Amino acid sequence: MSVPPYGQAPGTGDQPEGQPVQPGPQPPPAYGQPPYGQPPYGQPGAPGEPGAYEQPPGYAEQGYPPPQQQGYGPPYGFQPQTEQKAIWALVAALAGYVACPIVLHVVGWVLANQALRDIRASGGALTGEGMAQAARVLAIIGLVVFALIIAGVIVVVVLAGLASVSSY
């Protein structure tokens, strides 16, 4: 028995016309070629059949939600964004040293706490934790310094009042 030419199924060229084709062992497909009856890798199937680019029928109708990303941080290639509240908290805490110390330090402290909560809950999608921490520390220091200044002024006024009363 001879080997059929390349690309021709065995038993189709060597048989006389009147004799049935004898089934025999099929040779494996050549390396890199898909098995008989399957489309090549990555190619869609025939219309109506599930292929590489469509879901099997009934899959979407089952009501399953799409797969959700687990809390393991942002996906590959994703650039995390800086939390805007952290930026504004730092601006407010620094501005409190120049103008409206009580108001701006309290605003900076509140914004910093909100920013830290949002950053920690984002799972890595938001950055700026260090900025929010710095804003919180600056706001607390600013409030303490302002309170000490107010306390010092009160002490000076009270002492000056006592000194002026005792000099008569």
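What follows draws every value from the coordinates through simple rules; no lab data is involved. Given the structure is predicted, the values throughout are model-derived calculations rather than measurements. Glycine gets a Cβ as well: all are built from the backbone with ideal geometry, and neighbour counts include every protein chain shown.
Taking 1 over the mean of 1/r across every pair of different Cα atoms in region 82-166, what Kirkwood radius in Å do you get?
13.8
For region 126-168, what are the per-bin percents of Cα-Cα distances with bins 5 Å wide, up to the bin holding the maximum?
Distribution as computed: 5, 21, 12, 14, 10, 10, 8, 6, 6, 4, 3, 2, 1, 0 percent.
Taking 22 Å as R0, compute the FRET efficiency from the Cβ-Cβ separation of Ala121 and Gln79 and round it to 0.05.
For Ala121 and Gln79, the calculated efficiency is 0.70.
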